[in-house]
Amino acid sequence: MDYYEILGISKNAQPDAIKKAYRLLALKFHPDKNPGSKEAEEKFKRAAIAYEVLSNPEKRRHYDTYGEQGQQFGGNQYRDANDIFANFGDIFSDLFSQAAQSQRSSSRSPKRGADLTSSVEINFLESAASCEKEIIIEKEASCASCAGRGAKKGTDPEICTQCKGKGSIIRSQGFFSISSTCPKCLGAGNTIQHKCSDCFGYGRIRLKKTLKIKIPAGAFSGTKLRIQGEGDDGERKGPPGDLIVEVNVTKDSRFRREGNDVVSKVSVTMAQAVLGTRVEIETLKGQEFFDIPKGVQPGTKLKLGGRGFPSIKGYGRGDQFVEVEVIIPLKLNPRQEEIMREFAGISAELVNRPVAGFFQRFRRKNPDVSKH
Ligand SMILES: [Zn+2]
Ligand SMILES: [Zn+2]
């Protein structure tokens with residue numbers, strides 16, 4: 001799906017236009033306005049995904065460069081409308097009373113989890129086709145034992161006695177009243193008497209997780225994949241962050257990548273270059289026979305159409321260019337030298353004289369050569 005199309009905006013839409021387009025769609029397809037309509041709900045979610053990407057300059061640049069292929073969605077992004085409002089409450093704040101706004105500005109409002117980074121290594125041939133790799137990440141997750149509340153099972157956090165659950169206290173200083181974070185509960189609004197033994201009352205734990213990452217065909221060193229929802233868990237029902245995986249492609253002595261094209265080399269002998277030949281060439285998909293035309297010049301780049309990398313954007317494919325190397329023999333046997341000299345003679349080419357006594361010595365060792 002094309003995020004610009006979903007929001008009905010042009011590729012160079014300004015942030016204001018993106019926000020406006022999203023707001024209109026979100027209001028139109030909001031589940032409360034379309035009770036029971038799966039279609040409206042789907043459109044509402046898609047608009048949120050498109051908005052999340054296009055409203056963030058970094059994500060938008062990423063999307064423009066790599067297309068949707070670079071975006072992957074983890075398990076739990078946007079289960080329902082409330083998730084979406086927890087994430088984008090800001091842009092609706094003038095429409096949905098002050099409640100959303102004041103809730104967000106308080107330290108107890110939902111907080112999106114942090115984005116995480118990781119990397120994955122693939123080899124040159126793997127980068128030409130899509131592949132799957134396992135990576136292990138460590139993220140901050142909500143503690144499962146206490147459902148993130150920090151209190152031991154069967155007990156509840158208690159309302160903070162100092163701030164009465166507000167998380168902040170008001171102090172009067174002369175004419176002014178100053179609101180500051182409650183020193184007892186540090187803004188949480190409650191205190192925990194019986195702490196959960198898994199998270200020591202923090203409600204959050206470090207979690208090791210193995211993920212299968214799908215790497216799109218055509219990925220190159222530096223390609224960044226965004227796996228939605230696999231960053232740190234959000235806090236207070238905020239959505240999770242994303243995981244950004246940078247791809248590293250190892251080198252291959254046989255190939256070099258230039259854009260979506262592949263460059264390789266083939267060596268032919270002098271005679272093969274002059275007369276033409278058929279050689280086996282390594283491509284990204286294996287060996288292939290290829291005709292080298294008669295009279296090919298050293299350094300010529302022969303094109304094998306469509307044997308390059310698929311574009312990571314999902315359409316189009318590069319070519320393979322095979323650079324021809326001509327091997328000039330360092331040594332010739334006497335018969336070869338004789339023919340070369342004859343060749344030079346016919347074409348009236350000036351060449352060095354043979355080493356003195358060459359033919360005499362040669363004839364002594366090979367008495368029957370003169371018959372040829
Ligand atoms: Zn307190
Ligand atoms: Zn816990």
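Quick notes
- When we screen LEU225, LEU207 for residues that are closer than 23 Å to LYS133 by Cα and within 17 Å of the chain's Cα centre (by Cα), the only hit is LEU225.
- The residue that is farthest from ligand 1 (Cβ to nearest atom), among those in the range 224-236 that are surrounded by fewer than 20 Cβ atoms within 10 Å (Cβ to Cβ) and assigned to a strand (DSSP E or B), is LYS224.
- Summed over the range 174-202, residues that are in a loop (DSSP other than H, G, I, E, B) and more than 16 Å from ligand 1 (Cβ to nearest atom) total 9.
- Test for ARG108: is it within 16 Å of ligand 1 (Cβ to nearest atom) and at pLDDT below 75: yes
Each row is one residue, and each column tells you yes or no for (1) surrounded by 15 or more Cβ atoms within 10 Å (Cβ to Cβ); (2) under 28 Å from ILE339 (Cβ atoms); (3) at pLDDT 95 or above; (4) not charged (D, E, K, R).
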{"site": "PHE255", "(1), (2), (3), (4)": "yes, no, yes, yes"}
{"site": "VAL263", "(1), (2), (3), (4)": "yes, no, yes, yes"}
{"site": "VAL266", "(1), (2), (3), (4)": "yes, yes, yes, yes"}
{"site": "GLN272", "(1), (2), (3), (4)": "yes, yes, yes, yes"}
{"site": "GLN297", "(1), (2), (3), (4)": "no, yes, yes, yes"}
{"site": "LYS303", "(1), (2), (3), (4)": "no, no, yes, no"}
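- Checking each residue in the range 174-190 for being surrounded by 15 or more Cβ atoms within 10 Å (Cβ to Cβ), within 30 Å of GLU230 (Cα to Cα) and away from ligand 2 (no atom under 15 Å from the Cβ) picks out CYS185, GLY187, GLY189.
- The C-beta contact set for the range 153-170 (first residue free of Cβ contacts under 8 Å to residues at least 12 places away in the same chain, second residue more than 16 Å from ligand 2 (Cβ to nearest atom) and of a type outside the set (Ser, Thr, Tyr), distance under 8 angstrom, 6+ apart or interchain) comprises ILE170/ILE178.
- Every residue from the range 190-222 that is over 12 Å from GLY150 (Cβ atoms) and small (Gly, Ala, Ser): ALA217, GLY218, ALA219, SER221, GLY222
- Across the range 162-173, the qualifying residues are those that are surrounded by 12 or more Cβ atoms within 10 Å (Cβ to Cβ) and assigned to a loop (DSSP other than H, G, I, E, B), and the one among them that is farthest from the chain's Cα centre (by Cα) is GLN162.
- Residue selected from the range 212-223 under the condition crowded, with 18+ Cβ neighbours inside 10 Å and assigned to a strand (DSSP E or B), by the criterion farthest from ligand 1 (Cβ to nearest atom): ILE215
- Enumerated helices (runs of 4 or more DSSP H) restricted to the range 1-71, each holding at least 2 residues that are within 21 Å of the chain's Cα centre (by Cα) and farther than 21 Å from PRO216 by Cα: 38-54
- Restricting the range 2-48 to residues that are of a type in the set (Ser, Thr, Tyr) and free of Cβ contacts under 8 Å to residues at least 12 places away in the same chain, the residue that is farthest from ARG60 (Cα to Cα): SER37
- The set of residues from the range 263-311 being more than 30 Å from the chain's Cα centre (by Cα) and basic (Lys, Arg) comprises ARG278, LYS294, LYS301.
- Where GLU230 falls short, out of the listed (1) in contact with a Lys or Arg (Cβ under 9 Å, 6 or more places away or on another chain); (2) over 28 Å from GLY67 (Cβ atoms): (2)
- Pick from the range 138-173, criterion under 28 Å from GLY241 (Cβ atoms), polar (S, T, N, Q) and in contact with a strand residue (DSSP E or B) (Cβ under 8 Å, 6 or more places away or on another chain), ranking: farthest from ligand 2 (Cβ to nearest atom): SER168
The values are calculated or read from the model by the stated rules, or taken from the named source; none is laboratory data. Note that the structure is a prediction, hence the values are computed from the model and not measured. Heads up, the Cβs are rebuilt from the backbone with ideal geometry, glycines too, and the neighbour counts pull from every protein chain shown.
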